[in-house]
There are 2 protein chains.
Amino acid sequence: MTDRRTFIAAASATVAAAAFPTGATAVSNYPKLVHHVFFWLKNPNSKEDLEKLLKGLRTLAKIESVRGVHFGVPASTEKRDVVDNSYSASEILFFDDTAGQKIYQDHPIHQQSVADCSHLWEKVVVYDAIAA
Amino acid sequence: MTDRRTFIAAASATVAAAAFPTGATAVSNYPKLVHHVFFWLKNPNSKEDLEKLLKGLRTLAKIESVRGVHFGVPASTEKRDVVDNSYSASEILFFDDTAGQKIYQDHPIHQQSVADCSHLWEKVVVYDAIAA
């Protein structure tokens, strides 16, 4: 239950930041570390491969240091030069800190997901960002 | 207050998804659209330019269709071939849908932020992802 309370408190702080922004202090109350990953499938037109990948990604939500998740596919927003919609799937995981990200990185559930899905993708790009 | 309640409900659903994952249905209760933006500064070693950019980005939290925010810089996670830590700043904005993202895209606060900061960056990459 501690994790649930912590996340709700953090999410509430974010609501405050979004509705009544007060600058960096409020924003940094959100879970601080974001792990963004973008995947390009070997068979980008295979709905079956996409579903297999998304199924593997969803298992990551079970890892105890994960504080929030979003799994997605390219949205149908306006096409602009700066928008990269060539990827097949995206993953966002929130952690409290780099220690939480390390627990995830080494976790058997993560290793299993990689073992189950890595044959599906040809390229992965990771961006890890800490609140600023 | 409606927006605050909506976000808290969505965040609580995400907590449930993270703590007790039940698959795609629970995960998709999170604000559905993620707008990720990565910025590369013209002067990547200028702390002043980074602060100016972050100040401009933080104003985006005031836009009424924005449901959650995270502004960051590269985290000191493990160096791996797939990790891109060459960017200067990252922005995540959550929206309910593509209509919310469009309100942001055309909003005077967003236009002002671009006008104030676009001279600072040499490259921007945007990924828009819809929950899947």
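From the set of residues in the stretch A:16-41 that are assigned to a loop (DSSP other than H, G, I, E, B) and open to solvent by 10 Å² or more (accessible area, probe 1.4 Å), which is modelled with the lowest pLDDT?
Start the filter on the stretch A:16-41 by keeping residues that are assigned to a loop (DSSP other than H, G, I, E, B), which leaves A:20-23, A:28-32.
Going one step further and asking which of them are open to solvent by 10 Å² or more (accessible area, probe 1.4 Å), we end up with A:20-23, A:28-29, A:32.
On the way: A:F20: 30, A:P21: 34, A:T22: 34, A:G23: 37, A:S28: 41, A:N29: 49, A:K32: 91.
Going through the qualifying residues, I end up with A:F20.
Could you check the stretch B:77-87 and list, in sequence order, the residues that are in contact (Cβ under 8 Å) with a residue 24 or more places away in the chain and more than 8 Å from chain A (Cβ to nearest Cβ)?
B:S86, the sole residue that qualifies.
Looking at B:P44 and the list (1) at the interface with chain A (Cβ under 10 Å from one of its Cβ atoms); (2) assigned to a loop (DSSP other than H, G, I, E, B); (3) surrounded by fewer than 17 Cβ atoms within 10 Å (Cβ to Cβ), which single condition is not satisfied?
(1)
Among residues belonging to the stretch A:63-76 that are over 13 Å from the mean Cα position of the chain (by Cα) and within 7 Å of chain B (Cβ to nearest Cβ), point out the one that is surrounded by the most Cβ atoms within 10 Å (Cβ to Cβ).
Step one: list which residues in the stretch A:63-76 are over 13 Å from the mean Cα position of the chain (by Cα), which gives A:64, A:74-76.
Still in the list and also within 7 Å of chain B (Cβ to nearest Cβ): A:74-76.
On the way: A:P74: 19, A:A75: 23, A:S76: 10.
Top of the filtered list is A:A75.
Find the residue count for the stretch B:88-112, including only residues that are open to solvent by less than 10 Å² (accessible area, probe 1.4 Å), without any contact (Cβ under 8 Å) to a residue 60 or more places away in the chain and hydroxyl-bearing (S, T, Y).
Of the residues in the stretch B:88-112, 1 are open to solvent by less than 10 Å² (accessible area, probe 1.4 Å), without any contact (Cβ under 8 Å) to a residue 60 or more places away in the chain and hydroxyl-bearing (S, T, Y).
The values are calculated or read from the model by the stated rules, or taken from the named source; none is laboratory data. Treat the numbers as computed from the prediction; the structure is a model and nothing was measured. No Cβ is skipped: glycine too gets one built from the backbone with ideal geometry, and neighbour counts run over all protein chains shown. Accessible surface areas use protein heavy atoms only, side chains included; no ligands, DNA or RNA. Shrake-Rupley method; radii C 1.70, N 1.55, O 1.52, S 1.80 Å.
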